[in-house]
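Following: one structure in structure tokens, then a few remarks.
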Amino acid sequence: MGKHSTGEPNGPAAGHATTTAREHSTEVREAAHEGTSRPDGAARPAGPPPDGLRRRPTPVHTPTEPAPDTIASARGLTKVYGAGDTQVRALDGVDVDLARGELTAVMGPSGSGKSTLMHCLAGLDSPTAGSVVVDGVEISRMNQRQLTKLRRTRIGFVFQAYNLVPTLTAAENIRLPLDIARRPVDHERFDAVVRAVGLQDRLHHRPSELSGGQQQRVACARALIAEPSVVFADEPTGNLDSRSAAEVLSFLRRSVDDLGHSVVMVTHEPMAAAYAHRVLFLADGRLEAQLLAPDEAAVLDALGELSVARERRRATEPA
């Protein structure tokens, strides 16, 4: 999964890329300011503040104990790969709380630790040190059997590559987590989720008969069908065109706003991050800043500011 991630450019090229992206997003900013909708018809969840001031990234102040509305949290989260000269510190003592009932985006350059953070929070990888709590349960010291049960009952996943079973229909793929857990299908919920992703007329089609956007919407429905405590999405729009990406992102946002779910999404795309309630920025395994109620232009500016700060910090560090 991590190998599919694309990092933000650094150094002089980053300044040019950010400037170009800003120019390209002028129309997006103007449309958001006027309150226009996204291409798929969904209202933008955020836009520039009424006073015209751009939102700026702010430090993340994490309390000692998670707040009552926290769905997932980490304290002192550290992940080290390798040893000696080949050692890589993917996470360097991260403290973070993820709010229940929100869509949180995680961004950062390649190698920043964003996918590692998600994997540790989701129980897909074990931390070297620190603690992880999901829905009130500490998972960082669970064995593989306990983690497997947790992932079946409390955690949903959406991946860049869809990960659908090619021999199953869309309906069968959606029901798959319930079938594996030997849980009965709540037909009322199944119908509600299918309607939410707009797949009523595609349920009997296999993945090869669906577009990329439709396949990813099947994956989203599969992640939500078992009513998980939290859904983790790793670059969910990385393989999609802009319109299909907007459909998937709109659904993820609606699943939070209308269905009360909690979603954590790793992405490198400012457009995708603009659908979130909050964006967290990682660099060099550390949590650098956050951006609340983001719009695309504010995310681009934040990436530029943080890239410059990162380069300055690296220049002053001992070799």
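The values are calculated or read from the model by the stated rules, or taken from the named source; none is laboratory data. Just so you know, these numbers come straight off a predicted model, no measurement behind them. A quick note on method: Cβ atoms are made from the backbone with ideal geometry, for glycine too, and the neighbour counts reach across all protein chains shown.
Listing for the model above:
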read-out	value
Complete set of residues in the stretch 158-173 that are modelled with pLDDT under 95 and under 18 Å from E227 (Cα atoms)	V158, F159
Every pair of residues 6+ apart whose Cβ atoms lie under 6 Å, when the first sits in the stretch 180-205 and is in contact (Cβ under 8 Å) with a residue 12 or more places away in the chain while the second is in a loop (DSSP other than H, G, I, E, B)	V193/I225; V194/Q200; H204/T169
Residue in the stretch 254-299 that is nearest to G101 (Cα to Cα), counting only those that are of a type in the set (D, E) and either in contact (Cβ under 8 Å) with a residue 60 or more places away in the chain or not in a loop (DSSP other than H, G, I, E, B) (or both)	D257
Any hit, the stretch 222-232, residues being more than 26 Å from K79 (Cβ to Cβ), at pLDDT 90 or above and within 16 Å of the chain's Cα centre (by Cα)	yes
Output for the stretch 196-232, where each listed residue is out of contact with any Ser or Thr (no Cβ under 9 Å at 6 or more places or on another chain) and assigned to a strand (DSSP E or B)	F232
Given (1) more than 25 Å from K79 (Cα to Cα); (2) more than 15 Å from the chain's Cα centre (by Cα); (3) charged (D, E, K, R); (4) modelled with pLDDT of 90 or more, number of the condition R253 does not satisfy	(2)
Residue match in the stretch 84-91 (condition: of a type in the set (A, V, I, L, M, F, W, C), at pLDDT 90 or above, crowded, with 21+ Cβ neighbours inside 10 Å and farther than 16 Å from V264 by Cβ)	yes
The stretch 127-152 residues that are free of Cβ contacts under 8 Å to residues at least 60 places away in the same chain, paired with ones that are part of a helix (DSSP H, G or I) and not acidic (D, E) (beta carbon under 7 Å, 6 or more apart)	P127/C120; I139/L147; I139/L150; M142/L150
Pick from the stretch 275-295, criterion more than 22 Å from L121 (Cα to Cα) and surrounded by 24 or more Cβ atoms within 10 Å (Cβ to Cβ), ranking: farthest from the chain's Cα centre (by Cα)	D295
Enumeration of residues in the stretch 141-195 that are in a loop (DSSP other than H, G, I, E, B) and under 22 Å from the mean Cα position of the chain (by Cα)	R154, Q160, A161, Y162, N163, L164
Hey, A161 under 26 Å from D258 (Cβ atoms), out of contact with any strand residue (DSSP E or B) (no Cβ under 6 Å at 6 or more places or on another chain) and either of a type in the set (K, R) or touching a residue at least 24 places away in the same chain (Cβ under 8 Å) (or both) or not	no
V194 surrounded by 14 or more Cβ atoms within 10 Å (Cβ to Cβ), touching a Cys at 6+ places or on another chain (Cβ under 9 Å) and under 24 Å from V256 (Cβ atoms)	no
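Results for (1) modelled with pLDDT of 95 or more; (2) surrounded by fewer than 16 Cβ atoms within 10 Å (Cβ to Cβ); (3) farther than 23 Å from H277 by Cα, shown as yes or no for each residue.
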| site | (1), (2), (3) |
| --- | --- |
| L53 | no, yes, no |
| R56 | no, yes, no |
| E65 | no, yes, no |
| A74 | yes, no, no |
| T78 | yes, no, yes |
| Y81 | no, yes, yes |
| E102 | yes, no, no |
